[in-house]
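Novice: The structure under discussion is supplied below as structure tokens; questions concerning it will follow.
The values are calculated or read from the model by the stated rules, or taken from the named source; none is laboratory data. For clarity, every value in this text was computed on a predicted model and none was experimentally measured. Here the Cβ positions follow ideal geometry from the backbone for every residue, glycine too, while neighbour counts run over all protein chains shown.
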Amino acid sequence: MMERQHNKSCSIAFADAPAESHACGLSYCGWVSEVKYQWLMYTVLFAALFILNAVSYAETIRGAVKLKTEEDAGKVVVYVEKAGGVFIPPEKRPIMDQIDLIFVPYVLPVLIGTTVDFHNSDDVLNNIFTPSSGYKFNLGTYPKGVVRSFTFNRLGEVVLLCNIHPDMEGYIMVLQNPYFVVPDKRGEYRISNVPPGTYNVKMWYKKNISPAYTITVEKGAEAVVDFK
Ligand SMILES: [Cu+2]
């Protein structure tokens, strides 16, 4: 076994190393391995703290929406009216399905430019059309398993109807930025990673839009907006 000499000038840590810990192997010294292990642990610890910090203190808009029933939760969209920046529509297309003669979800908020896939999960034919101004599309009548798509390039609400089943009604909400969310069943919502700035926050609920709440999101902080 070769004894490996430490260069005392290489670092303070080396110079302070206890002599008895210098039992060395052919290529690595056990004490050096121990120091490396400690540095690795420190690196992992700092990385974990950094990630935890980023998660805990990322800018967020959160709050609650007062709902009459749990079912209403899926009929609400909370969104930032306008935000600066260039926003790329998601590659993964969101889905609007038809299940038991109901549009699912009731409302699908999307970033402008998003292509939505329209499914039919029913054993019967369904149709999708809209009379909403600016679109007036009809995707036709099609059976289970067929998927048709549409790209939404105009802002605002798009009502979805089925010309076979008059009770069917759903909505696409086309929004200017990706800072939107459908609250959970308790009416609570959280919009994460909103850049610091001042925004108008609104709530859409069954065709109605609330007045705007103007809030300022500070760096590393949360802004709370409750809709009553
Ligand atoms: Cu239908």
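Novice: With the condition kept exactly as written, say whether any residue in the stretch 158-178 is farther than 20 Å from PRO109 by Cβ and at pLDDT below 95.
Specialist: No, the conditions are met nowhere in the stretch 158-178.
Novice: Determine whether GLU157 is among the acidic types (Asp, Glu), in contact (Cβ under 8 Å) with a residue 40 or more places away in the chain and not assigned by TED's automatic domain parsing to the domain that holds LYS82.
Specialist: yes
Novice: Scanning for something within 16 Å of the ligand (Cβ to nearest atom) and modelled with pLDDT of 85 or more, does the stretch 74-96 turn up at least one residue? If you could, list the steps in order and put the result at the bottom.
Specialist: We begin by selecting, within the stretch 74-96, every residue within 16 Å of the ligand (Cβ to nearest atom); these are 96.
Add one more test, that the residue is modelled with pLDDT of 85 or more, and what stays is 96.
Yes, because at least one residue in the stretch 74-96 is within 16 Å of the ligand (Cβ to nearest atom) and modelled with pLDDT of 85 or more.
Novice: Quick check on PHE103: is it within 14 Å of the ligand (Cβ to nearest atom), under 19 Å from TYR205 (Cα atoms), part of a strand (DSSP E or B) and among the aromatic types (Phe, Trp, Tyr)?
Specialist: Here the answer is yes, as PHE103 does meet what is asked.
Novice: Which strands (runs of 3 or more DSSP E) sit wholly inside the stretch 118-228 and have at least 3 residues that are within 15 Å of the ligand (Cβ to nearest atom) and over 27 Å from the mean Cα position of the chain (by Cα)?
Specialist: The qualifying strands (runs of 3 or more DSSP E) are 126-129, 138-142.
Novice: Could you look through the stretch 181-228, keep only residues that are free of Cβ contacts under 8 Å to residues at least 12 places away in the same chain and in contact with a Lys or Arg (Cβ under 9 Å, 6 or more places away or on another chain), and pick out the one that is surrounded by the most Cβ atoms within 10 Å (Cβ to Cβ)?
Specialist: Among those residues, the one meeting the criterion is ILE209.
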